[in-house]
Amino acid sequence: MKILRSNRIAFVHDGREITYSRFLDYIQAYSNVIEKSDSKVGILMENRPEWLFSLYALWKKDCAAVPMDYMSKGDDLNYIVKNSGIERVFCSDKTKDLVEGKGLEVINVDRLDLELEKGSEDISFPKDDKLGAIIYTSGTSGKPLGVMLSRKNIISNLNSMVKILDWPKYASFYTFVPMFHSAGFLAMAVISPYLQLTLILSDKISSEVITNTLQKYKVSIFAVIPRFAYMLHNKLMQNVNSSILAKTLFKISRFCNNRWLSRTLFRRVYNKFGGNLVHTTCGGAGLDPEVQRDLAALSIELFMGYGTTEASPAISYSNIAENRFGSAGKVLPGVKVKIEDGEIVVKGPNVSKGYYKNPKKTSEKFKDGWFYTGDLGEFDKDGFLYIKGRKKEVIVLSNGKNIWPQTIEDE
């Protein structure tokens, strides 16, 4: 994995613009702050460029990053600090109170006095088995589980995604998904720098901020979560249903299911979201396919994917050429997926070796190189993957038949 030195804008945050050349300089400066190599260091801050400076500085010093949720409960944070064994943490003015008094060396990025010097021309990271990150996932019960991701896991997932992504080159990318989440980690911290995208960072979330950002920066790639998609759908459908003409145009657009036609009929909607959107990706949970179909008819086409932290995290994804409503796309190149008793089971170089300091859970979920996701799914005849719910949610009838709650909802 290589990040190139260039004068392209790498990050935009609170009016600041930072080029890729300056990004590499910051990586060098931040790495000088880290005294001990081959250790684990926490990152606890909001979405901002310093999050990425910290991450890549740690990798430059052969350290493993431990991203932490700055919105998590105190007990979970205390457990992660203790379980991971970190001795120092990168934080900000907004998050320093969460880690002070825990016996850690606190590196507050808002208080660093750095002298920036030109670092390496480019920066590369080897695709090896060295630990790159421990990302904690809450799972469904119990204490957070620390998923160990090697640099090989992370870079393999990057390579698989790049092979199928049809994102425009040098595009602007905007999302409010947090980087401590595995999806945000992959998209913002790994894919974006590799593709030399311009990443728009903000921890402020409101309809006004979102639309203004999309318009101001002519955003091409927008990553959202299903909750946002549902809120957007409710708002847009209220407007459609208030006008006989809009309802008629909506029915035509929905029936034809044509990207060009939807953007023509609902040009005002498309322009409100910047007028430049090419790819709006959505993941993290299931989405009603009818909502996805409605939004596409209104010029906001969503491309779904599926993943789990243990798979670094992407397993399947949709692209512009092949986008099927209700589907999580096709399995990524180099990744193997099988359905075993309805459960999605995955194998590949992107799959973690297990949970940090938790051999019991590791043995339960990882078997012979396969990771048992606990998610239920099925393939259609064309190889598109459909997520049906969680294994623990299956209802077994008296005749032995399995019923999936998601199937009931769809019907």
task: Taking the dipole about the Cα centre of region 160-302, with the C-beta of Lys and Arg at +1 and of Asp and Glu at -1, give me whichever of 257, 286, 181 is farthest to the positive side.
output: 257
Paramagnetic label zone (point 7 Å from Cα along Cα-to-C-beta, residue 71; backbone N under 15 Å) in region 160-176: 175-176
message: Modelling each spin label as a point 7 Å along the Cα-to-Cβ direction, I'd like the residue 97/residue 380 distance in nm, to one decimal.
response: 5.1
- request: Compute the Cα gyration tensor for region 207-410, then decide on rounded, prolate or oblate, letting a ≥ b ≥ c be the square roots of its eigenvalues: rounded whenever a/c is under 1.5, prolate when a/b is larger than b/c in the other cases, and oblate in all that remain.
  value: prolate
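How fast does region 1-89 diffuse by Stokes-Einstein, in µm²/s, taking the Kirkwood radius from C-alpha pairs at 25 °C and 0.890 mPa s?
Value of D from the Cα-based Kirkwood radius: 175 µm²/s.
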message: At 0.36 nm per residue, and after removing the present C-alpha to C-alpha distance, how many nm does the segment from residue 361 to residue 235 gain when stretched out fully?
response: 41.1 nm
statement: Final fewest-first order of 68, 148 on the 10 Å Cβ neighbour count is 148, 68
- prompt: Long-range amide H contacts for residue 64: which residues qualify at under 5 Å (H placed 1.01 Å from N, peptide plane, sequence gap of 5 or more or a different chain)?
  reply: 39, 40, 41
- request: Per residue of region 18-28, in order, report the coupling 6.51 cos²θ - 1.76 cosθ + 1.60 (Karplus, θ = phi - 60°) as ³J(HN,Hα) in whole Hz, putting x for Gly and Pro.
  value: 10, 7, 5, 5, 5, 4, 5, 5, 5, 4, 4
query: Under a plain spin-label model, where a point goes 7 Å from the Cα along Cα-to-Cβ, how far apart in nm are residue 264 and residue 8?
result: 3.3
message: Only sites in a loop by DSSP and with at most 15 other Cβ atoms within 10 Å count here; which GluC sites (Glu not before Pro) in region 1-107 make the cut?
response: 35, 87, 100
Rounded to the nearest 20 debye, dipole of the chain from Cβ charges on Lys, Arg, Asp, Glu: 740
query: Highest GNM mean-square fluctuation, the chain, Cα pairs closer than 10 Å: which of 128, 382, 294?
result: 382
message: Within a 10 angstrom radius of the beta carbon, how do 160, 316 rank from fewest other beta carbons to most?
response: 160, 316
task: Compute the normalised compactness of region 2-201: alpha-carbon radius of gyration over 2.2 N^0.38 Å, N being the residue count.
output: 0.97
- request: Over every pair of different alpha-carbon atoms in region 258-317, take the mean of 1/r and invert it; report that Kirkwood radius in Å.
  value: 12.6
message: Given points 7 Å out from each Cα along the Cα-Cβ axis, report the residue 169 to residue 116 separation in nanometres with one decimal.
response: 2.7
query: Under 27 Å from the Cα of residue 272, which lysines turn up, not counting those fewer than eight places away in the same chain?
result: 169, 204, 216, 218, 235, 247, 251
- prompt: Counting Lys +1, Arg +1, Asp -1, Glu -1, what net charge surrounds residue 237 among other residues with beta carbon under 14 Å of its beta carbon?
  reply: +2
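If you average over every viewing direction, what projected area does the convex hull of the Cα atoms of the chain give, in nm²?
On the way: hull surface 85.3 nm².
Convex hull of Cα atoms, orientation-averaged projection: 21.3 nm².
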statement: One finds the C-alpha centres of region 265-323 and region 48-68 to be spaced, in Å, by 29
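Coordinate-derived values only; no laboratory data. Note that the coordinates shown come from a computational prediction; the quantities given were computed from them, not determined experimentally. Virtual Cβ from ideal backbone geometry, glycine too; neighbours counted across all protein chains shown.
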